Amino acid sequence: MHTRRIGDVEVSAVGLGAMPMSIEGRPDTARSLATLHAALDAGVTLIDTADAYHMGADEVGHNETLVAKALASHDRGGDVLVATKGGHLRPGDGSWTLDGSPAHLRSACEASLRRLGVEAIGLYQFHRPDPRVPYAESVGALRELLDEGKIRMAGISNADPDQIRQADEILGGRLVSVQNQFSPVFRSSEPELRLCDELGIAFLPWGPFGGISRAGELATAHAPFGRIAQAHGVSAHQVCLAWMLAKSPVVVPIPGASRPESIRDSVRAADLVLTPEEIAELDAA
């Protein structure tokens, strides 16, 4: 497995987004654990989760608990950087709400620490800006958690360029990652990707295949990805991830998966080399 860096930590070039294993349509626990173990067997050393990845209001942190169980039952579990998030909530009716208050972020971090069974969270990210709370206050809470040693690295998610610069300033140059939506169908995070490249901050594209509901349509909805995949004898999903990896060395995709075969396919993208002409065609697709 090729590697990239998040802060001072070397991680696999392709990570795993664990969300599909805990929200609506999720598989049973056995298949989820098999998927997580397949990722570890394939060399994945970055797993992305969040306390809000659950369904019922009584199971907050379902995904974190699942990830912790998988890591504890695998001999490579200790090699993984777990990235989790706080500030987004699910009341249990299928909706998503926000709480970016410092008090909530602190309590959410403490709860995530307990569920993950660690003394310090490897990468803690502010999940989504809360318009009711000044952004500086939310990021200031991350700075305090970082200074106290409760988290080893700090990141932000769903941020714009101004917020990236502000967060990095508040954190004293210690912002290590930005996790934004980015895919063939959703490219409006290009400015954030370019800024991360300029600042040397890891850019973690979430929903790289266009979201759970659209992942199976990649080859047909975006024909060049399908054609290039056929030419290489690989899946369109591998082409998509290879295209992202080619954009900048700071890009670390975190494709979601809920089946072992899905993550096994995704990690092979790290070995797929696209020609400059192919990259240009995909950029224009």
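Here is how the numbers come out for the structure above:
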{"quantity": "All positions within the range 82-122 that are assigned to a loop (DSSP other than H, G, I, E, B), among the hydrophobic types (A, V, I, L, M, F, W, C) and open to solvent by 40 Å² or more (accessible area, probe 1.4 Å)", "calculated": "W96, V118"}
{"quantity": "Residues located in the range 259-276, provided they are among the hydroxyl-bearing types (S, T, Y) and open to solvent by 30 Å² or more (accessible area, probe 1.4 Å)", "calculated": "S262, T275"}
{"quantity": "Criterion (outside any strand (DSSP E or B), more than 18 Å from S266 (Cβ to Cβ) and touching a residue at least 40 places away in the same chain (Cβ under 8 Å)) met by exactly one of A34, A52", "calculated": "A52"}
{"quantity": "Residue identified as of a type in the set (K, R) and closer than 19 Å to C109 by Cβ among R194, R165, R174, R187", "calculated": "R174"}
{"quantity": "The range 57-69 - residue that is open to solvent by 20 Å² or more (accessible area, probe 1.4 Å) and either of a type in the set (D, E, K, R) or without any contact (Cβ under 8 Å) to a residue 40 or more places away in the chain (or both) and, of those, nearest to G15 (Cα to Cα)", "calculated": "K69"}
{"quantity": "Qualifying positions in the range 208-253 - β-branched (V, I, T) and surrounded by fewer than 24 Cβ atoms within 10 Å (Cβ to Cβ)", "calculated": "I212, T220, V234, V250, V251"}
{"quantity": "Identity of the residue in the range 178-196, among the hydroxyl-bearing types (S, T, Y) and more than 14 Å from the chain's Cα centre (by Cα), that ends up surrounded by the fewest Cβ atoms within 10 Å (Cβ to Cβ)", "calculated": "S188"}
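The values are calculated or read from the model by the stated rules, or taken from the named source; none is laboratory data. Remember, predicted model here, so these are calculated numbers, not experimental data. Here Cβ is always computed from backbone atoms with ideal geometry, including for glycine, and neighbour counts include all displayed protein chains. Surface accessibility is based on the protein's heavy atoms, side chains included, excluding ligands, DNA and RNA. Shrake-Rupley method; radii C 1.70, N 1.55, O 1.52, S 1.80 Å.
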